[in-house]
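Every read-out reported here was derived from the displayed coordinates using simple, explicitly stated rules and does not represent laboratory data. Since we're looking at a predicted model, the values are computed, not measured. For neighbour counting, all protein chains shown are included, and Cβ atoms are generated from backbone atoms with ideal geometry for every residue, glycine included.
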Amino acid sequence: MSPSPKASFAEMVLAMAAHIPGIDLDAVRTGLAMRHNVKEIQSAIHAHFARYDLSPARFTVLVLLMHAQEEGLNPAELAEEVDVSRASMTGLLDVLEHAGLITRAQHPSDRRMVAIQITDKGRQTVLDMLPDHFRRISRVVGQLTPDERRTLVSLMTKLAAGAAALRQD
């Protein structure tokens with residue numbers, strides 16, 4: 001008799017869920033598929049940005065700075081917009097500054113604050129990558145019909161609203 005193949009993570013989770021009264025196994029199965037697909041998409045996104053020595057968060061910072069007023073933005077504003085902690089933003093800014101993509105300067109109207117500004121190199125980095133970025137995004141999303149795209153956005157909005165259940169104590 002040959003040994004049984006090793007169970008997948010999803011199979012293990014579903015087997016455990018089956019022993020809990022009142023659990024909707026189809027919902028658990030759907031959640032596992034969503035988790036797997038999100039992981040695949042995130043991995044692809046990170047690989048894409050790595051081609052340009054960026055990450056999604058660094059790209060977001062650069063785009064925000066491209067559209068900021070001349071005085072730039074302060075690290076707290078950037079952290080809020082990018083949805084990372086201030087400590088994480090400090091690390092992001094260190095990397096971007098070391099690469100010559102941003103500068104830190106004394107804020108023009110408040111000497112206690114630092115203003116972050118995009119450099120010409122940072123602006124050119126974003127402008128150089130955008131055509132490839134938009135083509136790749138279009139190829140991914142282009143697999144869906146316009147109706148499927150609207151449905152996907154609607155479903156993702158519903159899931160995001162329901163995500164609060166994972167945060168609740």
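Bin by bin, in steps of 5 Å, what percent of the Cα pairs in the chain do you find, going until the bin that has the longest distance?
1, 7, 11, 14, 14, 13, 12, 11, 7, 5, 3, 2, 1, 0, 0, 0
Out of residues 5 or more away from ALA68 or on other chains, whose amide H comes under 5 Å of its own, with H placed 1.01 Å from N in the peptide plane?
So ALA68 has HN proximity to no qualifying residue.
Using modelled backbone amide H atoms (1.01 Å from N, in-plane), which distant-in-sequence or interchain residues come within less than 5 Å of TYR52's amide H?
Under 5 Å from the amide H of TYR52 lies no amide H from a residue far enough along the sequence or on another chain.
Just name one of MET156, GLY100, ALA47: the one whose Cα is farthest towards the positive end of the charge dipole of the chain (beta-carbon charges, Lys/Arg +1, Asp/Glu -1).
ALA47
For a protection proxy built on the mean count of beta-carbon atoms within 10 angstrom, sort 87-93, 40-46 highest first, please.
87-93, 40-46
To the nearest Å, what is the center-to-center distance of the range 31-76 and the range 77-118, using C-alpha atoms only?
Answer, in whole Å: 16.
Please state the relative contact order of the chain as a whole percent: Cα pairs under 8 Å, 6+ residues apart?
Result for the chain is 15 percent.
Leaving out same-chain residues fewer than 8 places away, which lysines sit with a Cα under 21 Å from that of LYS158?
Candidates past the 8-residue exclusion: LYS39.
With θ taken as phi - 60° and the coefficients 6.51, -1.76 and 1.60, list the Karplus ³J(HN,Hα) couplings across the range 109-114 in order, rounded to whole Hz; mark glycine and proline as x.
Per-residue couplings from phi come out as 10, 9, 5, 7, 9, 10 Hz.
List the trypsin sites (Lys or Arg not before Pro) in the range 1-54 that DSSP assigns to loop (not H, G, I, E or B) and whose Cβ has at most 14 other Cβ atoms within 10 Å. Which are they?
LYS6, ARG51
Using amide H atoms built in the peptide plane, which far-off residues or other-chain residues are under 5 Å from THR119 H to H?
ILE102, THR103
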